[in-house]
Amino acid sequence: VTDPEFVGCDLDLTHLDSEIPPVTTVDSFRQQQILGMASYIFSRRLDNLIAAGGMPFRTAQAEVSPVFSSFSFASTGVSCDPDQWDDSLTIIAQETKRIYQYGAVESELDRAKKAVLSQMKAFAARENTLPSQNLARMVINQFNTGDTPVSAEQQVKILEKIDRKSTRLN
């Protein structure tokens with residue numbers, strides 16, 4: 001879609017896939033964390049490209065999400081000038097292909113594990129002080145997705161246990 005008044009361009013490269021099963025076991029929790037870490041790693045790579053300069057886009061992000069317990073989508077999005085959309089699309093397609101083919105290096109995975117664990121611990125520390133409507137929203141979301149309700153503190157303990165058992169996420 002184009003319009004002469006547009007001062008920017010948002011571009012998304014999206015892949016639809018099968019559903020992400022509900023989190024009901026330690027293994028499904030582990031798989032959910034792997035998807036979150038993959039999104040973190042890829043977003044960080046894109047941020048590093050932007051910081052190094054010379055990219056046709058200003059911002060970028062990646063995510064993998066379930067949709068209504070029916071299917072999932074993996075998306076990479078960038079914001080750029082309207083005349084830079086084709087260069088931006090080429091670069092994010094190349095980077096998406098690269099991470100899909102070669103995966104992450106150990107240092108990226110270590111950083112992602114530390115970041116996720118740190119975020120979970122910070123959330124666990126304040127979970128008991130959240131407004132009741134936030135807690136209700138979380139419970140409703142878990143019910144709607146079929147996830148087993150687990151507190152943030154329990155999630156931290158599970159993640160620490162998984163990390164001790166295996167240094168490799170696959």
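The values are calculated or read from the model by the stated rules, or taken from the named source; none is laboratory data. All figures in this text were calculated on a predicted structure; none of them were measured in a lab. Positions of Cβ are generated from backbone atoms using ideal geometry, with glycine treated the same way; all protein chains shown enter the neighbour counts. Keep in mind that these areas ignore ligands, DNA and RNA; they rest on the heavy atoms of the full protein, side chains included. Shrake-Rupley method; radii C 1.70, N 1.55, O 1.52, S 1.80 Å.
Points worth noting:
- Estimated dipole of region 66-123 in Debye, rounded to 20 [Cβ of Lys and Arg +1, of Asp and Glu -1, Cα centre]: 520 debye
- In the context of the full protein assembly, Asp110 retains an accessible surface of approximately 60 Å², using a probe radius of 1.4 Å and ignoring ligands and nucleic acids.
- Lysine-lysine proximity count for the chain, Cα under 15 Å, sequence distance 8 or more or distinct chains: 9
- Lys121 sits with roughly 100 Å² accessible to a 1.4 Å probe, with DNA, RNA and ligands left out of the calculation.
- Rounded to the nearest 10 Å², the accessible area of Thr25 at probe 1.4 Å: 80 Å²
- Listed residue (Ser18, Ala124, Ala60) projecting farthest to the positive dipole end of the chain, Cβ model: Ala124
- Tilt relative to the chain, helix 106-126 - C-alpha long axis, 0 to 90 degrees, to 10: 60 degrees
- Whole-number accessible area per residue in Å² for the chain, which is evaluated in the context of all protein chains at 1.4 Å: 66 Å²
- Mean separation of Cα contacts under 8 Å (6+ apart) over length of region 56-170, as relative contact order %: 19 percent
- Folded to 0 to 90 degrees: helix 152-165 orientation relative to the chain principal axis, Cα: 80 degrees
- Electrostatic bookkeeping for Phe71 treats Lys and Arg as +1 and Asp and Glu as -1; over the other residues with beta carbon under 13 Å from its beta carbon, the sum is -2.
- Simple Cβ-charge dipole of the chain, Lys/Arg +1 and Asp/Glu -1, about Cα centre, in debye nearest 20: 1100 debye
- Residue-wise HN-Hα coupling along region 45-56, computed from phi with Karplus coefficients 6.51, -1.76, 1.60 (Hz; x: Gly, Pro): 4, 5, 4, 5, 5, 5, 5, 6, x, x, 8, x
- Here region 64-170 has 55 percent of its accessible surface on carbon and sulfur atoms, given a 1.4 Å probe and all protein chains in place.
- Compared with the alpha-carbon gap, the fully stretched path from Asp86 to Gln31 is longer by 16.4 nm at 0.36 nm per residue.
- Estimated translational D of the chain in µm²/s (Stokes, Kirkwood radius over Cα pairs; 4 °C; 1.567 mPa s): 72 µm²/s
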